[in-house]
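Report on one structure; see the data block that follows.
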Amino acid sequence: MTMDTIDTIDQELIYAIQDGLPLVSHPYQTIATQLGLTEQQVVTRLNRLKQQGFIKRFGIVVHHKELGYKANGMVVWDIPDQQVDNIGQMLANFPYITLCYRRPRRLPLWPYNLFCMIHGKNQAQVLNYLEQLKQQENLSQFHCQILFSQRRFKQRGARFSLKKTNEMQYV
Amino acid sequence: MFDDLETKIINQLQESFPLCSQPFAKLAEQWQTDEQVIINKIQALLDQGILTRFGPLYNAEKLGGAFCLCAMQVKGQDWDTVVSIVNGFTEVAHNYQRQHRLNMWFVLATETPEAIAQIIQQIETQTQQKVYAFPKEQEYYVGLTLSLS
C-alpha cells in the first residue's frame with residue numbers, strides 16, 4: 001500500500017488555485033503556463049488530488065445566506081458515550097443535516113457531546129426538521145439544544161501559503 | 001430570484017466541475033448555451049457575493065493543518081472588543097454569535113495541530129476570557145451542498 005503524498009509541484013498547484021480558478025475558456029492551461037506545466041499535467045494532478053482526498057470538492061462554493069438559507073441551527077445533544085457513534089452516523093444520513101461531529105463535553109457549562117448543523121430557509125423550517133428527527137428516531141429521551149446563529153462576523157475559506165521549505169503551511 | 005442558468009450553476013457545480021481542456025465549453029454544450037455566457041454568469045454570482053469561491057475545497061487536515069471549534073462566554077458590554085480581538089487573528093476562519101451562555105463560536109484553522117493551543121492561549125491573554133475548545137473527536141459527515149428548488 002502506498003501512502004498518499006504530495007510533491008512540490010502539487011503544493012505549488014494547491015497554492016496557485018486556492019483563491020479559485022481563472023474564469024477563462026482554458027483555465028487549466030492558464031494555471032499550467034504559470035507553473036511551467038502542460039495543461040494535461042495540471043488536469044491529471046488535480047484528478048489525483050481529488051481522488052486522494054486532498055481536494056474534498058472541486059466546484060463552486062456558495063454563500064448559504066445569500067441563497068436564502070438564512071437560518072443555521074447548531075443542534076447539540078448529550079448522548080451516552082456508548083451510543084454516540086451509532087446516533088451520529090444515523091443523523092448524518094438525513095439530508096438536512098450538513099455536519100455531524102462528536103466533540104468533548106465541557107462540564108458543568110457544556111454537557112453536549114454530539115454536534116450537528118441543520119440549515120434551513122428560516123428558523124421555523126430548522127425547528128421542524130429537528131422535531132421530525134426527534135420523533136422518527138426516538139431522540140426525545142436525550143437532552144438537546146439548538147443554537148441559532150444570530151450574527152456572522154467572519155466567514156472565509158482555508159488559506160494556504162508556501163513556506164521557504166516548500167512545506168505546505170495552513171494559515 | 002435566480003434564472004435558469006444560475007440555478008443550474010448553483011445546483012450542479014457545487015459537487016463537481018469538469019476537469020478537461022475547456023470545462024465551460026463542455027457545460028455550455030450540456031446546457032445548450034455559450035461558454036462565455038456561463039463564464040460571465042459565474043463572475044456575476046461571485047461579484048454579487050452569492051458564490052464565495054470558484055475552485056477547490058481542500059482537506060486542510062490532510063494537508064497538515066488543523067481545525068478547532070471554540071466558544072466563549074462574552075458579556076454584552078465586552079462584545080465589540082472581544083470580536084475585534086478574535087477576528088484580528090488570521091487563524092479565525094469564521095465567527096458566529098449564537099444563543100447560549102457560550103455565545104461566541106468560532107473556528108480556528110492553523111498550520112499545525114500544536115498551534116491551536118497557542119492561539120487559544122493568545123486569545124485568552126488578550127481578551128482576559130476563557131476559551132472553550134471543542135476539537136473534533138469523530139466526524140460522521142462532512143460536506144455542505146445546498147440546492148435551489
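The values are calculated or read from the model by the stated rules, or taken from the named source; none is laboratory data. Predicted, not measured: the structure shown is a model, and the values here were computed from it. No Cβ is skipped: glycine too gets one built from the backbone with ideal geometry, and neighbour counts run over all protein chains shown. To get the accessible areas, we keep the full protein, side chains included, count just its heavy atoms, and leave off ligands, DNA and RNA. Shrake-Rupley method; radii C 1.70, N 1.55, O 1.52, S 1.80 Å.
Observations, loosely collected:
- When the Cα gyration tensor is reduced to axis lengths a ≥ b ≥ c, the ratio a/c is 1.5 or higher for the range A:8-61, and with a/b not above b/c it is classed as oblate.
- Sequence of A:His143, A:His119, B:His100, A:His26 when ordered by accessible area, the most exposed leading, probe 1.4 angstrom: A:His143, A:His26, B:His100, A:His119
- Tensor-based shape of the range B:21-65 (alpha-carbon gyration tensor, a/c under 1.5 rounded, otherwise prolate or oblate): oblate
- Here's the picture: charge each Lys and Arg Cβ at +1 and each Asp and Glu Cβ at -1 in the protein assembly as shown, and of A:Val76, B:Leu45, A:Ile17 the one pushed furthest to the positive end of that dipole is A:Val76.
- Counting charges near A:Phe148 (Lys, Arg +1; Asp, Glu -1) among other residues having Cβ under 12 Å from its Cβ returns a value of +4.
- Pairs beyond 23 Å (Cα-Cα), from B:Lys41/B:Lys62; A:Lys56/B:Lys8; A:Lys56/B:Lys136; A:Lys50/B:Lys41: B:Lys41/B:Lys62; A:Lys50/B:Lys41
- Taking other residues whose beta carbon is less than 12 angstrom from the beta carbon of B:Ile116, and scoring Lys, Arg as +1 and Asp, Glu as -1, yields -3.
- With all protein chains modelled, accessible area of B:Thr33 [1.4 Å, Å²]: 50 Å²
- Rounded to the nearest 10 Å², the accessible area of B:Lys26 at probe 1.4 Å: 100 Å²
- Computed on the range B:66-134, with alpha-carbon pairs under 8 angstrom and 6+ residues apart, the relative contact order is 47 percent.
- Projecting the Cα atoms of B:Phe106, B:Pro18, B:Phe67 onto the charge dipole of the protein assembly as shown (Cβ charges, centred on the Cα centre) puts B:Phe106 farthest toward the positive pole.
- MRE, 222 nm, helices only [DSSP H, n ≥ 4, -39500 (n - 2.57), over the protein assembly as shown, to nearest 500]: -10500 deg cm²/dmol
- Local electrostatic count, B:Arg101, Cβ distance below 13 Å [Lys/Arg +1, Asp/Glu -1]: +4
- Exposure rank, largest accessible area first [B:Met1, B:Met104; 1.4 Å]: B:Met1, B:Met104
- Accessible area (Å², per residue) of the protein assembly as shown, counting only protein heavy atoms and a probe of 1.4 Å: 48 Å²
- Rounded if a/c under 1.5, otherwise prolate or oblate - the range B:66-134, Cα gyration tensor axes: prolate
- Exposure rank, largest accessible area first [A:Leu21, A:Leu35; 1.4 Å]: A:Leu35, A:Leu21
- Averaged over peptide A:100-110, the number of partner chain Cβ atoms lying within 10 Å of each residue's Cβ comes to 5.
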